[in-house]
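Reading through the structure tokens given below for one structure.
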């Protein structure tokens, strides 16, 4: 039988994050072959994943960040089964590593990110390794990105909610503006940037609700349409980012806030993702 040294076990542990005994057993099974031992751990992850395929990986961490040039931003969620694992420092560090790879390579799809190499192994295989090590279903649950002249990011306390906002002007003076807008998106969860981003189906439904409500209140039939349109305006103020009241100054809308800063400053888009409670 091949003698396995403590240094070999420690090397495998550092590369895979597996426990000492798991690493030792994998090296024993692989007769000391380091690469084969990694495959042993990965196969263990595949077995665990197969057994837990019907489990819900509804916990995890949601992170957002931007590239060094601040022209690209991404949001990811790395999911697991329990809150206990989601709060584990190694698990959070792994999620941050995946996010940083996405940012440095400016990845434009979840599938491309999963195929990216991390320590000589694809991220999808790394997820399998983590599944075998942790004993829970681990997966890349969500990925999205934004590219623009300037992108800001925000991660809400607890790593369960994150947001991105893109602006048309890159300026160091707007660092706080970007953060404030990201916090606005996270807190107020707008349905769209402006009226044109709200689907016709939603608008028709809101108009019908407003009309029916006005009729129940006994409003004159000839006034129903005008009243419904007025209430639709309130809907836009509550559900579109530019019309929403600024969370730091409720007396002005986001649109007004931006114009006061710079008449040419515009929000181009936003992304938001959170794990359900």
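Please treat every number below as a calculation from the coordinates, not as lab data. Predicted, not measured: the structure shown is a model, and the values here were computed from it. Neighbour counts run over all protein chains shown; Cβ positions are idealised from the backbone, glycine included.
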Evaluated at q = 0.07 Å⁻¹: base-10 log I(q)/I(0), Debye formula over Cα of the chain: -0.38
message: Whole angstrom only: what separates the Cα centroid of segment 220-277 from the Cα centroid of segment 125-146?
response: 37 Å
field: residue 56 versus residue 201: modelled label distance in nm, points set 7 Å from Cα along the beta carbon direction
entry: 2.3 nm
message: Quick check: pseudo-label points 7 Å beyond the Cα along Cα→Cβ at residue 173 and residue 108, how many nm apart are they?
response: 3.3 nm
- request: May I ask you to list the residues of segment 150-185 whose amide nitrogen lies under 13 Å from a point 7 Å from Cα along the Cα→beta-carbon direction of residue 252?
  value: 177
message: Only bridges whose two residues both fall in segment 147-249 count here: according to DSSP, what percent of them are antiparallel, nearest 5?
response: 90 percent
- line: In whole angstrom, the spacing between the Cα centers of segment 153-214 and segment 84-99 equals 27 Å
Likely footprinting exposure, 24, 110, fewest C-beta neighbours within 10 Å first: 110, 24
- prompt: Cα convex hull of segment 153-221: how many Å³ per residue?
  reply: 155 Å³
message: Compute for segment 195-261: radius of gyration divided by Kirkwood radius, i.e. Rg/Rh, restricted to C-alpha atoms, rounded to two decimals.
response: 1.09
query: So for segment 150-277, what percent of the C-alpha to C-alpha distances run longer than 17 Å?
result: 62 percent
- prompt: Ranked from highest to lowest mean number of other Cβ atoms within 10 Å per residue, what is the order of the peptides 199-208, 155-164?
  reply: 155-164, 199-208
message: Quick check on packing: order 255-268, 125-138 by the mean number of other C-beta atoms within 10 Å, highest mean leading.
response: 125-138, 255-268
query: Given a Förster distance of 45 angstrom, what is the FRET efficiency for residue 259 paired with residue 3, based on the Cβ-Cβ distance and rounded to 0.05?
result: 0.05
